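Q: For reference, the structure I am asking about is given below.
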Amino acid sequence: MKATVGSSRFFGYVRHSLSLAHNPLRRTSDQLEGAARLATIVLLVLLAPFGALHVGQKVYGAGVQVERGQAVDHRPVRATLLEDVSMTNAMQSDLGVPQRTTPARWVAQDGTVRKGAVSAPPGKRAGARVTIWLDRTGQPTIPPQTRSHTLTEAVAAGVGIVLATALGLQLVSLLVRLVLDRRRLARWDLEWKLFEPRWSGRR
């Protein structure tokens, strides 16, 4: 019994807050505004989750494909640093670890010794060995994408879709309200012009 009463009060509150409750003074424009609010809520509830899931799955699938491709193309090797790595001007890597570009040499898959610039943590001394990743040509490249990175991108894309949907629907709702407000003001102005001479006694 209490649950039924509580439910009735809740839906009554929703109807009232959406300007759908019965009121003899409520105008057609008020009913349209309430319907627009209700439509905004319904569309947000229906579209946002499905849009987020769809986009999230697409981004996740694309990320998994990138992982597989990089697992084939990328190979880790040990490189020997040729200079000390300065502690200054370090850049943050994709993993949030400070890195700095420094000369190094390594042995490529074909057995040739190559030299080039690689990323290494600040403070490393010349002669230290660090792990780098090589592409098919034997040149240094970024580390392969991790599954956690793929998941993060998918979640971020899904959240972005929810926010974009909410913002878009809110903008549409505001536009509807602005149009209705202009109509209400125009109607009030017309009614005042008709009523004011009677009230003031002017002709």
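All of the numbers you see were taken from the coordinates with simple rules; none came from a lab. Nothing here was measured: the structure is a model prediction, and the numbers come from that model. Backbone-built Cβ (ideal geometry, glycine too); neighbour counts: all protein chains shown.
Q: Rounded to the nearest 0.05, what FRET efficiency do residue 114 and residue 53 have when you use their Cβ-Cβ distance and R0 = 45 Å?
A: 0.50
Q: Right, another one. Please give me the summed charge of the neighbours of residue 109: other residues whose Cβ is under 10 Å from its Cβ, Lys and Arg +1, Asp and Glu -1.
A: Taking every other residue near residue 109 into account, the sum is +1.
Q: Related question: For each of 58, 124, count neighbouring Cβ atoms within 10 Å of the residue's Cβ, then give the residues from fewest to most. All intermediate terms of the calculation are to be shown ahead of the outcome.
A: Numbers: 58 13, 124 18.
The most exposed by this proxy come first: 58, 124.
Q: Right, another one. I need the phi-derived Karplus couplings for segment 63-74: 6.51 cos²θ - 1.76 cosθ + 1.60, θ = phi - 60°, integer Hz, Gly and Pro marked x.
A: Each residue of segment 63-74 in turn: x, 5, 5, 5, 4, 5, x, 6, 5, 7, 7, 9 Hz.
Q: Each residue of segment 101-110 in turn: what ³J(HN,Hα) in whole Hz from Karplus with 6.51, -1.76, 1.60 and θ = phi - 60°, glycine and Pro shown as x?
A: 6, 8, x, 7, 10, 8, 9, 6, 5, 7
Q: At 7 Å along the Cα-to-beta-carbon direction for both residue 82 and residue 151, put a label point, then send me their distance in nm to one decimal.
A: Here the modelled spin labels are 4.1 nm apart.
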